[in-house]
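Rule-based calculations on the coordinates, nothing more; no lab input. Computed from a prediction, not measured in an experiment: that's the story for all the values here. FYI the Cβ positions are ideal-geometry reconstructions off the backbone, even for glycines, and counts take in every protein chain you see.
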Amino acid sequence: MISEIIPFLTASILLTLSPGPDIIYVLVQGMTNGKKYGIVTALGLISGIIIHTSLVAFGISAVIKQSETLFLLIKAFGAAYLFYLAWQVYRSKPAINVDTDISSNRKELTSLYKKGFLMNVLNPKVAIFFLAFFPGFLWEPNGNTVMQFYILGFLFMLQAFLIFSAVAILAGKISLYLQKHPNSGKVFKWLQVVVFVGIGIFILV
């Protein structure tokens, strides 16, 4: 179990730290409305993970019970999708764009929570990513896979909330750093490439 949990958490943290739409949105809320609003936005975003975890847990568990070959095919698909994501990141520009205009007016906390939740739940890329990411870290495929998926989902939520909250609290300093170090986007870009390729290889072997 530990041999799968440690690399899972390591990969999850590196992925969460990589500048994506979720963490940028939390950063913007922290910058424009204050840390409390950024943290509530983070809560909304991670709440959506419960839905994606449930879909993967019950769907993949059913597949595993039907055929081990199908499960291996799913893992192969997961690795291929992660390699594809690495290629997409490699081809993309390394710039990090923080658009503070997306939240110029202070919003109600409940509204921000709902928006964060819907942003996550209605994003099909998140569902596909979880389908590709989670199955490769099951420590006992023949055991209670539903419980294992929920443990992985909870750990992913926990680390994401801690990182998002830190970003919300340190929003001003992070924004200032990005402005002073425009080349930091290149570092994050290659970090994403290495993480995606590394996870893909881990799943295959």
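Tell me, what is the percent relative contact order of the chain, built from C-alpha pairs under 8 Å that lie six or more residues apart?
45
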Once the dipole of the chain is set up from charges on Cβ (+1 Lys and Arg, -1 Asp and Glu), the residue from the list G172, V194, A127 lying farthest towards its positive end is G172
Which of (i) 1.03; (ii) 0.93; (iii) 0.99 gives Rg/Rh (Cα atoms, Kirkwood Rh) as computed here? It is (iii)
In debye to the nearest 20, the charge dipole size for the chain, taken about the Cα centre with +1 at each Lys and Arg Cβ and -1 at each Asp and Glu Cβ, equals 620
Packing-ranked peptide list from 160-168, 84-92, highest mean Cβ count within 10 angstrom first, is 160-168, 84-92
Checked against the positive end of the charge dipole of the chain (+1 on Cβ of Lys and Arg, -1 on Cβ of Asp and Glu, about the Cα centre), the farthest of T32, G48, G20 is T32
Here the net charge surrounding H52, from other residues whose Cβ is less than 13 Å away from its Cβ (Lys, Arg +1; Asp, Glu -1), is 0
For the chain, the count of lysine pairs 8 or more apart or interchain whose alpha-carbon atoms are under 22 Å apart comes to 22
Note, N123: beta-carbon cut-off 13 Å, +1 each Lys/Arg, -1 each Asp/Glu, net +1
Checked segment 161-205 against the a/c 1.5 cut and the a/b vs b/c comparison, axes a ≥ b ≥ c from its Cα gyration tensor; verdict oblate
Candidate span helices, the chain: DSSP H, at least 20 Å along axis from Cα coords, Kyte-Doolittle average at least 0.5, result 2-17, 35-66, 68-91, 145-169, 184-204
Computed, not fitted: 222 nm per-residue ellipticity of the chain from DSSP H runs ≥ 4 (each -39500 (n - 2.57)), nearest 500, equal to -27000 deg cm²/dmol
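Kindly give Rg over Rh for segment 1-93, based on alpha-carbon atoms, with the Kirkwood expression for the hydrodynamic radius.
My calculation of the ratio gives 1.06.
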